[in-house]
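First comes the structure, then the notes that go with it.
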Amino acid sequence: MKKIHQFLIAPILIGLLISCMGDSPKTAAEKFLNSFNKRDFAEARKYATPETNKLIDLMENLTKMSQTQDSAVNKKIEILGQRVEGEIAYVTFKEDGSESTEELKLKKIDGKWMAHVTKEDIAAKDMPGGKDEEGLMMESDSTDFVPQDSSAEVSR
């Protein structure tokens, strides 16, 4: 009877041990995104790089100053997939009620996957033509570079 218990308990313990050790980009992304959407900024910081924590601080301050209720609060996140490229991973997700998908970049730091969003990432996402590797914005219908400084004149 003791041997039967050992055969039943051993696989369960091994399974629990493996599941606790399994830190995947998907898991880290889901924890970060859900915490962030709940406006639990302290929890979100646990799953973010130092650069991302600066943006979380900014968002937390803006949330405190805002008088309106944010419609994105508590939206459920559906993780669709992940792509790992060495120490960098990209997790594809979509928010409940949205048809569009988004991608969260993660970095592996000290063996843990951490959300890695920088102000440059946000700026590049919001620019219609995107950014080139030097940080200059390109017009979508042109090969001419346009400086990001809005006070600079563009000559053609």
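The values are calculated or read from the model by the stated rules, or taken from the named source; none is laboratory data. As the structure is a prediction and not an experimental result, all values here were calculated from the model. Neighbour counts are summed over all protein chains in view; Cβ atoms, including those assigned to glycine, are modelled from backbone coordinates with ideal geometry. Areas reflect the complete protein model, heavy atoms only, side chains present, ligands, DNA and RNA absent. Shrake-Rupley method; radii C 1.70, N 1.55, O 1.52, S 1.80 Å.
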Matching residues in segment 94-122 (touching a Lys or Arg at 6+ places or on another chain (Cβ under 8 Å) and surrounded by 14 or more Cβ atoms within 10 Å (Cβ to Cβ)) number 8
Give segment 21-43 a look and list any residue that's under 21 Å from E87 (Cβ atoms) and open to solvent by less than 40 Å² (accessible area, probe 1.4 Å), or say none.
S24, P25, A28, A29, F32, L33
Taking the residues in segment 48-85 that are farther than 14 Å from A28 by Cβ, in contact with a strand residue (DSSP E or B) (Cβ under 8 Å, 6 or more places away or on another chain) and in a loop (DSSP other than H, G, I, E, B) as candidates, determine which candidate is modelled with the lowest pLDDT.
A72
Output the number of residues of segment 39-53 satisfying the condition of being closer than 14 Å to K119 by Cα and more than 11 Å from the chain's Cα centre (by Cα).
3
Which numbered condition K94 misses (of (1) part of a strand (DSSP E or B); (2) under 17 Å from A28 (Cβ atoms)):
(2)
Report every pair of residues separated by at least 6 positions or lying on different chains whose Cβ atoms are under 6 Å apart, first residue within segment 81-110 and in contact (Cβ under 8 Å) with a residue 12 or more places away in the chain, second exposed (fewer than 15 other Cβ atoms within 10 Å of the Cβ) and not in a strand (DSSP E or B).
T92/T101; K94/T101; D96/K76; K108/E87
